[in-house]
Amino acid sequence: MNWLALTSYVFVTTFTPGPNNIMSMTNANRFGLRKTMRFNHGVFAGFIVIMLLCSYLSLALSGLLPRFRLVMSVVGAAYMLYLAAKVVMSKGDGGSHGDEGLNSFWAGLGLQFLNPKVIMYGITVISNFVLPYSHSQALLVLVAVLLAFVGFVSTTCWSLFGVIFQRLLASYRRPFNVVMGLLLVYCAVSVFQ
C-alpha cells in the first residue's frame, strides 16, 4: 500500500473546502463552537457509515458506478444549492429564523448521504488505495474509522476558524455569507466536472 500517496490524498481532499467544512465554519461563526460540535459529530457518524458502505460496496458498484454517480451528483448538487441559498439568505441572528436546524447532529449525518464529494472520496480511497492490497474486514473497518476521524478533525478545524474570526466576520457577515454560499455553489457545479 502506498501510504504517502494515500495520506496526501486524504489530507488534501478532506481539508479543502466542501459542504462539510463550509457548513462547519458557517455554523461555528453563527452559533459558536460548542453548539457546532453536534453538527460535527453528525458528520463523523455519517462519514463512518458512508466509508463502511464504500468499503463493502466498492467492488459491486464498479460496474454500476457511472449510473450511481450521476444520480448522486444531481441529488447532492441540488442539496448543496439549497444549503447555499440558506447561507446567503441568513440574517446572522443566531438561528432565530429556524436556521439552527442546519446545525444539528442529524443535519451533519444526513449531509453525508447527499454529499457526492464524500461518497466519491470513499469510493476512490477504498478502490484505489485499499482493495488492491487487501480485502481484510478489519482493515476496511479501520480505514473507514480513520477516514471519518480525519474528516472530524477537518470540520473541527474549520469550525475553529469560524469562531476565531467571529468578530471580523460579524462585521462583514453579508459578504461572508455570500462568499460561503458561492463556495457551496462551486462545490455543486464541480460535482459535474
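The values are calculated or read from the model by the stated rules, or taken from the named source; none is laboratory data. What you see is a predicted model; the values in this text were computed from it and never measured. No Cβ is skipped: glycine too gets one built from the backbone with ideal geometry, and neighbour counts run over all protein chains shown.
Just to be sure before I move on: is MET72 at pLDDT below 75 and surrounded by 14 or more Cβ atoms within 10 Å (Cβ to Cβ) in the structure I sent?
On the way: at pLDDT below 75: yes; surrounded by 14 or more Cβ atoms within 10 Å (Cβ to Cβ): yes.
Yes; evaluated as a whole, the condition is true for this residue.
Within the stretch 110-130, being part of a helix (DSSP H, G or I) and not aliphatic (A, V, I, L, M) holds for GLY110, GLN112, PHE113, PRO116, LYS117, TYR121, GLY122, THR124, SER127, ASN128, PHE129.
The set of residues in the stretch 109-147 being surrounded by fewer than 21 Cβ atoms within 10 Å (Cβ to Cβ) and either touching a His at 6+ places or on another chain (Cβ under 8 Å) or of a type in the set (Gly, Ala, Ser) (or both) consists of GLY110, SER127, SER134, SER136, ALA138. Here the helices (runs of 4 or more DSSP H) wholly within the stretch 131-193 that include at least 2 residues being touching a helix residue (DSSP H, G or I) at 6+ places or on another chain (Cβ under 7 Å) and at pLDDT 90 or above are 137-164. Considering only residues in the stretch 75-108 that are crowded, with 20+ Cβ neighbours inside 10 Å and closer than 24 Å to VAL145 by Cβ, the one that is modelled with the highest pLDDT turns out to be GLY108.
The set of residues from the stretch 8-36 being in contact (Cβ under 8 Å) with a residue 60 or more places away in the chain, surrounded by fewer than 22 Cβ atoms within 10 Å (Cβ to Cβ) and aliphatic (A, V, I, L, M) comprises VAL10, LEU33.
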